[in-house]
1. Of the DSSP beta bridges with both residues in the chain, give the percent that are antiparallel, rounding to the nearest 5.
2. Suppose every K and R has +1 on its Cβ and every D and E has -1 on its Cβ; what is the size of the dipole of the chain about the Cα centre, in Debye to the nearest 20?
3. Just want to confirm a number: the relative contact order over the chain, from Cα pairs under 8 angstrom separated by 6+ residues, in percent.
4. With a bin width of 10 angstrom, please list the P(r) values of region 15-172 as percents of all Cα-Cα pairs, from the 0 bin to the one holding the largest distance.
5. Can you work out the Karplus-derived ³J(HN,Hα) for every residue in region 115-121? Use 6.51 cos²θ - 1.76 cosθ + 1.60 with θ = phi - 60°, whole Hz, and x for glycine or proline.
6. Going Cα to Cα from Lys91, which lysines come in below 29 Å? Please leave out same-chain ones fewer than 8 positions away.
7. Using only helices, what value at 222 nm comes out for the chain when you add -39,500 (n - 2.57) per DSSP H run of length 4 or more and divide by the total residues, to the nearest 500 deg cm²/dmol?
8. Summing +1 for each Lys or Arg and -1 for each Asp or Glu, what net charge is found among the other residues whose Cβ lies under 10 Å from the Cβ of Pro83?
Amino acid sequence: MTHQNQALIVIDVQNDFCPGGSLAVSEGDQIVAGINALMPQYGTVVLTQDWHPAGHSSFASSHAGLDPFAVTQMPYGPQVLWPDHCVQGTKGAAFHQGLETDLAQNIIRKGFRRHIDSYSAFFENDHATPTGLAGYLRTRDVTQVTLVGLALDYCVAFSAVDAATQGFETTVRRDLTRAIDLDGSLDTALKTMNEAGIKVV
Ligand code: VGL
Ligand code: ZN
């Protein structure tokens, strides 16, 4: 049965977040088959794609003297510095080749502004600049969203919290996510999602 008022939001299932990628999430590729199986059940399927210009400000390589996974201060708040990843047009930015991208109606790209990162599918890391996804979902009468993808403790969690704040009934399918788990980030993300009323199942 297709759930007409439900959207499946597939976060960043891209080569750089899978084994062999530059910001590989352990077992990141093992969720692909399960996500594909879920897609036909949803009236709306949206993919997100982390899509950075070369030299993006979230890359440690753009900050002399700072290493990947250090935290720096940006005008919009603290920012983890990452290895170069998901550079526009590269193989690393492409979706995992097993992902059934044909079943998605929309692809939201994010992180394309050089001076601001974007974990969430809804807002950039200033928590103010919208991607347009909320309006897209409302226009299609979506009331409930289910999130899957990478990484649970960054882009999935930030997207889930914004979805709930935007008034969508929000579920995260934990079995169809994997985490980076940097300095307790997974525990923090689970706590924050719980407090936001998100169902993590
Ligand atoms: C992500 C770090 C940097 C993610 C994206 O998809 O969780 N994490 N860019
Ligand atoms: Zn990124």
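1. 20 percent
2. 440 debye
3. 24 percent
4. With 10 Å bins starting at 0, P(r) equals 10, 40, 37, 12, 1.
5. Each residue of region 115-121 in turn: 9, 9, 8, 9, 7, 7, 6 Hz.
6. Partners within reach: Lys110.
7. Value at 222 nm, helices only, nearest 500: -4500 deg cm²/dmol.
8. -3
FYI, it's all coordinate maths here, none of it is from the lab. All values derive from a computational prediction rather than experimental measurement. Backbone-built Cβ (ideal geometry, glycine too); neighbour counts: all protein chains shown.
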